[in-house]
Amino acid sequence: MTEYQTHEHDVLVIGAGGAGLRAAIEASAAGVSVGLICKSLLGKAHTVMAEGGVAAAMAHVDDRDNWKVHFSDTMRGGQYLNNWRMAELHAKEAPDRVRELEAWGAVFDRTKDGRILQRNFGGHRYPRLAHVGDRTGLEMIRTLQDHGIHQGIKVYMEHTVTKLFVEGGRIAGAFGYDRERGYLRVFKAKSVVVATGGVGRAYKITSNSWEYTGDGYALAYDAGADLMDMEFIQFHPTGMVWPPSVRGILVTEGVRGEGGVLRNKDGKRFMFDGIPENYKAQTADSEEEGWKYVQGDKNARRPPELLTRDHVARKIMGEVRDGRGSPHGGVFLDIAWIKSRLPNGAEHIKKKLPSMYHQFKQLADIDITEVPMEVGPTTHYTMGGVRVDGDTQMSTVPGLFAAGECAAGLHGANRLGGNSLSDLLVFGKRAGEHAAKFAREREAVAIDAGRVDAAARAALAPFDRGAAGGDAEGPYKIQYALQDLMQENVGIVRNEADIKKALDGIQGLKQRAGHAAAGGNRDYNPGWHTALDLPSLLTCAEAIAMCALERKESRGGHFREDHPDKDPAYAGFNLVVRKGLGGRPELRRETIAPLREDLKQVVEENK
Amino acid sequence: MSSTSATFRIWRGEKGKGEFRDYKTPVSEGMVVLDAVHQIQADQANDLAVRWNCKAGKCGSCSAEVNGMPKLMCMTRLSDLPLDQPVTVQPMHTFPSIRDLVTDVSWNFRVKQEIKPFKPRQPDAPDGTWRMQQEDIERVQEFRKCIECFLCQDVCHVLRDHHKHDEFIGPRFLVHVAALEMHPLDTEDRIPELKKAHGVGYCNITKCCTKVCPEGITITDNAIIPLKERVVDRYYDPIKRLLGIGRK
Ligand SMILES: Cc1cc2nc3c(=O)[nH]c(=O)nc-3n(C[C@H](O)[C@H](O)[C@H](O)COP(=O)(O)OP(=O)(O)OC[C@H]3O[C@@H](n4cnc5c(N)ncnc54)[C@H](O)[C@@H]3O)c2cc1C
Ligand code: SF4
Ligand code: SF4
Ligand code: FES
């Protein structure tokens with residue numbers, strides 16, 4: 001028997017980004033005891049990095065906006081694979097969730113009449129993103145954190161969950177370790193919310209931090225839940241490309257929202273070419289009209305730089321492939337040009353995009369008010385995830401809920417910028433509410449001691465392998481090999497042969513991960529932590545590749561060069577992966593329920 | 001600076017006991033200190049403990065002392081350091097050491113918990129919210145840029161040298177109190193605590209905190225001095241005291 005400590009809560013929330021914090025606050029408000037676990041310190045989750053804003057149809061800047069337009073934009077962006085119930089709830093509830101943040105102390109930028117200011121973003125018809133300069137995520141997470149710490153929530157910082165326990169077909173708790181000291185812990189709970197974010201770390205070029213190893217997906221999958229839409233990974237069009245050490249770091253879409261334009265090495269604004277049919281009617285046909293739009297002219301249509309991310313990313317790839325890229329394999333993003341239109345242009349840029357100004361100045365020695373940035377696509381967001389019920393956010397495992405980037409459904413095949421921060425709030429709240437309800441209506445179930453022991457042994461296995469020698473190998477090399485494999489073979493542009501290569505490669509890496517070893521002791525040991533993250537990464541990578549192989553068409557974030565067009569035959573279902581007999585992943589097609597009549601009409605009206 | 005290498009003298013140890021060890025690693029254009037630490041971790045010392053998240057100066061995780069200066073490792077470029085000598089990298093001094101570059105910063109989280117939270121006035125706009133003008137929130141927005149890197153706590157001599165952790169909340173949390181006190185909607189009164197439990201009087205305006213803040217927050221001038229003035233107004237201004245005014 002290995003030693004461990006036991007903690008007990010009604011509701012256990014895994015993940016303290018926006019979704020986890022919001023869920024914990026809601027559950028706690030419902031009067032149940034809540035534990036909140038996160039891998040980093042509190043307030044450092046991915047949410048802190050979000051820049052551009054949170055989407056909510058408050059209509060403060062353009063009074064034509066309302067939930068119906070937001071709903072239609074989200075569905076169109078998601079290519080109608082979205083869980084439409086989630087898209088409906090999201091569009092309807094986001095404004096209240098944003099106002100609630102203000103009541104908890106958030107200080108958003110203001111309109112002239114003193115209300116919350118909203119800005120333009122890709123795929124949103126009207127200015128819709130509430131924001132604070134380009135540090136909206138910081139404002140959001142800090143507000144939730146500072147409110148949350150006074151709600152009686154027990155926080156376990158720097159703890160990693162490695163296993164969920166299911167007993168008698170119901171969730172029973174979780175197993176994890178404390179990163180600082182390496183203590184092992186059992187968390188008993190009547191319901192569990194996974195809000196662990198995405199799996200960007202499966203790729204080499206990514207805007208995601210070390211935390212995003214897809215733990216929540218793997219934990220839920222292991223517990224028997226469905227993973228859905230895993231083929232849809234969002235590659236953000238604008239990541240930094242130079243210098244090499246910062247490759248992948250995000251350049252917010254807000255730059256384009258403020259008037260930034262994309263040019264190739266010949267100085268041409270290439271985004272005006274090849275505008276997709278379903279967006280033609282909404283897109284500017286001259287540079288002049290595009291500029292008017294970002295200046296707030298209600299009669300102008302948006303510039304093509306603000307088309308959806310999947311499209312912009314592929315256009316950039318095309319320019320680079322055809323030899324029209326920038327010196328370091330990207331294209332140019334120019335915001336400095338607005339100085340020719342605005343008298344105080346440089347000041348305006350610094351005011352609206354302070355952290356971008358800072359980031360380029362400090363990391364690349366570039367003054368973005370003077371010269372264009374070099375940018376290229378970077379792995380950014382996981383549209384897929386745990387399949388949940390749209391109203392309650394419960395997975396197919398009773399008592400197991402998922403919210404935020406960890407859950408699938410809202411975004412379909414492609415997420416619109418700004419729709420994630422609102423997703424966290426709307427569905428974080430719902431998950432917390434329903435997890436609390438589930439817990440209140442039930443007694444706790446006991447966790448089998450044998451299962452706990454097995455989880456403890458698995459957690460410590462890397463040390464045993466390290467001590468035994470033999471095939472043992474450090475974990476970093478294995479992680480890098482996976483990142484290269486996925487980047488090359490299941491990246492922005494995919495084909496059958498490459499995906500099969502990736503699937504083979506993943507099997508080999510699973511073998512190697514079985515020998516991943518750690519030296520040293522259990523105190524804050526990143527080698528050990530990385531070894532334990534590998535199985536999650538591999539589970540997710542396999543699910544991504546399996547779904548990517550099966551979807552023989554191109555749609556949203558998923559692009560197959562061997563099937564470059566959208567195929568109506570693939571429009572009616574989501575791909576779902578579940579752990580099958582013998583522990584092997586099984587893939588199936590899940591038919592999408594027909595759109596409710598009234599919503600169908602909403603979509604028609606907003607075509 | 002192509003295909004050269006540099007030596008990093010990194011503190012390795014646990015709970016305050018340890019030593020500097022030298023690691024030689026290749027450096028390339030644009031690298032920051034955190035990249036070098038990661039390279040060393042991947043190739044030479046798998047268990048080298050370091051905190052980080054965003055690698056873009058947004059999360060405040062990677063604080064350490066580089067060549068004796070409190071810095072975010074992810075925003076400290078090697079090209080700004082003399083690489084003909086070893087670059088020393090050590091954990092923040094003000095907080096207990098856990099291991100290598102990681103310190104126990106939990107005190108900061110406990111301190112925040114003790115500060116009275118935001119308490120807004122009743123909504124007064126017809127739509128059930130509030131109106132605030134941009135110019136009225138600008139100074140609060142400056143304070144809210146804080147990424148909680150705790151570098152200001154690390155340099156403040158009241159904490160670093162005099163260990164007044166029980167009597168003084170430090171510059172980070174004075175900034176936090178200022179953000180609450182100057183929030184146009186807030187109605188709470190934190191002046192009595194500022195004077196006593198929060199120990200604003202310990203600050204003697206050396207401005208060391210302001211100098212190291214990676215977010216460029218003018219901690220001393222914009223946050224601490226106005227708070228000190230509020231305390232003085234409340235407790236030491238005889239006329240106001242007599243009349244019982246001075247509440248904000
Ligand atoms: C640079 C950047 C900019 C962005 N800008 C925007 C934007 O402008 N607008 C927008 O809408 N979206 C934006 N996004 C996307 C958005 O920020 C994320 O999708 C969102 O923050 C995810 O929030 P979350 O609550 O689901 O999870 P996260 O904030 O990712 O938090 C996950 C939490 O889970 C914890 N965790 C993970 N695994 C475990 C485990 N095994 N055990 C315990 N805890 C665990 C982590 O420690 C963390 O606390 C941006 C993303 C990035 C990277
Ligand atoms: S100005 Fe005050 S708070 Fe800042 S370092 Fe000096 S004494 Fe500390
Ligand atoms: S005030 Fe500045 S130095 Fe202090 S914690 Fe905040 S960001 Fe860091
Ligand atoms: S890693 Fe986030 S501030 Fe350095």
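Name the pairs: first residue in segment B:22-45 and in contact (Cβ under 8 Å) with a residue 40 or more places away in the chain and under 14 Å from B:LEU72 (Cα atoms), second residue of a type in the set (D, E, K, R) and open to solvent by 10 Å² or more (accessible area, probe 1.4 Å), Cβ to Cβ under 6 Å, at least 6 apart or on different chains?
From residues that are in contact (Cβ under 8 Å) with a residue 40 or more places away in the chain and under 14 Å from B:LEU72 (Cα atoms), the pairs are B:VAL32/B:ARG77.
Looking at (1) within 19 Å of A:VAL255 (Cα to Cα); (2) more than 10 Å from every other protein chain (Cβ to nearest Cβ); (3) open to solvent by 10 Å² or more (accessible area, probe 1.4 Å); (4) in contact with a helix residue (DSSP H, G or I) (Cβ under 6 Å, 6 or more places away or on another chain), which is the only condition A:ALA55 fails?
All conditions are met except number (3).
Could you list, in sequence order, all residues of segment A:438-462 that are crowded, with 20+ Cβ neighbours inside 10 Å and touching a helix residue (DSSP H, G or I) at 6+ places or on another chain (Cβ under 9 Å)? If you could, list the steps in order and put the result at the bottom.
Let us first name the residues in segment A:438-462 that are crowded, with 20+ Cβ neighbours inside 10 Å, namely A:438-439, A:447, A:452, A:455-456, A:459, A:462.
Correct list: A:ALA439, A:ALA459, A:PRO462.
For a quick check of your reading of the model, give me the residue pairs whose first member lies in segment A:116-129 and is free of Cβ contacts under 8 Å to residues at least 12 places away in the same chain, whose second is of a type in the set (Gly, Ala, Ser) and open to solvent by less than 10 Å² (accessible area, probe 1.4 Å), with beta-carbon atoms closer than 9 Å and at least 6 apart or on different chains.
Going by the 9 Å Cβ cut-off, there are no qualifying pairs.
Checking the structure you have, find out if any residue of segment A:26-36 is within 14 Å of chain B (Cβ to nearest Cβ), within 11 Å of ligand 1 (Cβ to nearest atom) and not in a loop (DSSP other than H, G, I, E, B).
Taking every residue of segment A:26-36 in turn, at least one turns out to be within 14 Å of chain B (Cβ to nearest Cβ), within 11 Å of ligand 1 (Cβ to nearest atom) and not in a loop (DSSP other than H, G, I, E, B).
Could you count how many residues in segment B:90-103 are under 17 Å from B:ILE147 (Cα atoms) and surrounded by fewer than 19 Cβ atoms within 10 Å (Cβ to Cβ)?
0
Select from segment A:140-158 the residues that are under 22 Å from the mean Cα position of the chain (by Cα) and within 11 Å of ligand 1 (Cβ to nearest atom) and list them in ascending order.
Passing the criteria: A:MET140, A:ILE141, A:LEU144, A:GLN145, A:MET157, A:GLU158.
Collect the residues in segment A:528-545 that are under 15 Å from A:LEU219 (Cβ atoms) and of a type in the set (S, T, N, Q), keeping them in residue-number order.
Answer for segment A:528-545, where residues must be under 15 Å from A:LEU219 (Cβ atoms) and of a type in the set (S, T, N, Q): A:SER536, A:THR539.
State whether the residues of segment A:471-490 include one that is within 26 Å of A:LYS204 (Cβ to Cβ), within 14 Å of chain B (Cβ to nearest Cβ), polar (S, T, N, Q) and crowded, with 21+ Cβ neighbours inside 10 Å.
yes
Mind telling me which of the residues A:LYS163, A:LYS154, A:LYS112, A:LYS204 ends up being away from chain B (no Cβ under 14 Å), open to solvent by 10 Å² or more (accessible area, probe 1.4 Å) and either touching a helix residue (DSSP H, G or I) at 6+ places or on another chain (Cβ under 9 Å) or closer than 22 Å to A:THR47 by Cβ (or both)?
A:LYS163
Please tell me if A:GLY390 is touching a residue at least 40 places away in the same chain (Cβ under 8 Å), more than 14 Å from chain B (Cβ to nearest Cβ) and touching a strand residue (DSSP E or B) at 6+ places or on another chain (Cβ under 9 Å).
no
Of everything in segment A:274-292, what is more than 29 Å from the chain's Cα centre (by Cα) and either at positive phi or not small (Gly, Ala, Ser) (or both)? Give them in sequence order.
Selection gives A:ASP285, A:GLU287, A:GLU288, A:GLU289, A:TRP291, A:LYS292.
What about A:GLY214, is it within 14 Å of chain B (Cβ to nearest Cβ), buried (at least 24 other Cβ atoms within 10 Å of the Cβ) and within 21 Å of the chain's Cα centre (by Cα)?
no
Here are some residues: A:ALA481, A:ALA502, A:ALA497. Which one is aliphatic (A, V, I, L, M) and farther than 17 Å from A:VAL199 by Cβ?
Matching residue, one of A:ALA481, A:ALA502, A:ALA497: A:ALA497.
Hey, does segment B:191-200 have a residue that's in contact (Cβ under 8 Å) with a residue 40 or more places away in the chain, assigned to a loop (DSSP other than H, G, I, E, B), more than 14 Å from ligand 2 (Cβ to nearest atom) and surrounded by fewer than 23 Cβ atoms within 10 Å (Cβ to Cβ)?
Checking segment B:191-200: at least one residue is in contact (Cβ under 8 Å) with a residue 40 or more places away in the chain, assigned to a loop (DSSP other than H, G, I, E, B), more than 14 Å from ligand 2 (Cβ to nearest atom) and surrounded by fewer than 23 Cβ atoms within 10 Å (Cβ to Cβ).
Select the helices (runs of 4 or more DSSP H) contained entirely in segment B:97-168, then report the ones holding at least 3 residues which are closer than 23 Å to A:LYS154 by Cβ and at the interface with chain A (Cβ under 9 Å from one of its Cβ atoms).
Where helices (runs of 4 or more DSSP H) fall fully within segment B:97-168 and carry at least 3 residues being closer than 23 Å to A:LYS154 by Cβ and at the interface with chain A (Cβ under 9 Å from one of its Cβ atoms), they are B:106-114.
Is it the case that B:ILE147 is within 16 Å of ligand 1 (Cβ to nearest atom), within 30 Å of B:LYS228 (Cβ to Cβ) and not hydroxyl-bearing (Ser, Thr, Tyr)?
yes
Residues in segment B:53-61: is at least one assigned to a helix (DSSP H, G or I) and either within 16 Å of the chain's Cα centre (by Cα) or not assigned by TED's automatic domain parsing to the domain that holds B:VAL27 (or both)?
Filtering segment B:53-61 for residues assigned to a helix (DSSP H, G or I) gives none.
No, that holds for no residue.
Which of (1) farther than 20 Å from B:ARG160 by Cβ; (2) open to solvent by 40 Å² or more (accessible area, probe 1.4 Å); (3) in contact (Cβ under 8 Å) with a residue 24 or more places away in the chain is the odd one out, the single condition B:VAL232 does not satisfy?
Looking at each condition in turn, B:VAL232 falls short on (3).
Can you pull out every residue in segment B:55-108 that is of a type in the set (Asp, Glu) and at negative phi?
Result: B:GLU65, B:ASP80, B:ASP84, B:ASP104.
For B:LYS145, indicate whether it is of a type outside the set (A, V, I, L, M), closer than 21 Å to B:LEU194 by Cβ and open to solvent by 40 Å² or more (accessible area, probe 1.4 Å).
No: the conditions fail for B:LYS145.
Examine segment B:71-84 for a residue that is surrounded by fewer than 22 Cβ atoms within 10 Å (Cβ to Cβ), away from ligand 1 (no atom under 16 Å from the Cβ) and within 9 Å of chain A (Cβ to nearest Cβ), and state whether such a residue exists.
yes
Matching residues to (1) out of contact with any His (no Cβ under 8 Å at 6 or more places or on another chain); (2) modelled with pLDDT of 95 or more; (3) open to solvent by 30 Å² or more (accessible area, probe 1.4 Å); (4) among the aliphatic types (A, V, I, L, M):
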residue: A:MET546; (1), (2), (3), (4): yes, yes, yes, yes
residue: A:GLU550; (1), (2), (3), (4): yes, yes, yes, no
residue: A:GLU553; (1), (2), (3), (4): no, yes, no, no
residue: A:LEU581; (1), (2), (3), (4): yes, no, yes, yes
residue: A:PRO585; (1), (2), (3), (4): yes, yes, no, no
residue: A:LYS600; (1), (2), (3), (4): yes, yes, yes, no
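Out of the residues in segment B:169-184 that are assigned to a loop (DSSP other than H, G, I, E, B) and crowded, with 22+ Cβ neighbours inside 10 Å, state the one that is nearest to ligand 1 (Cβ to nearest atom).
Only one residue fits best here, namely B:HIS183.
Given the conditions (1) within 16 Å of ligand 4 (Cβ to nearest atom); (2) assigned to a loop (DSSP other than H, G, I, E, B), report the number of the one that B:GLN39 does not fulfil.
(2)
The values are calculated or read from the model by the stated rules, or taken from the named source; none is laboratory data. Just so it is clear, the model here is predicted, and its values are computed rather than measured. No Cβ is skipped: glycine too gets one built from the backbone with ideal geometry, and neighbour counts run over all protein chains shown. Ligands, DNA and RNA are excluded from the accessible area calculation, which covers all protein heavy atoms including side chains. Shrake-Rupley method; radii C 1.70, N 1.55, O 1.52, S 1.80 Å.
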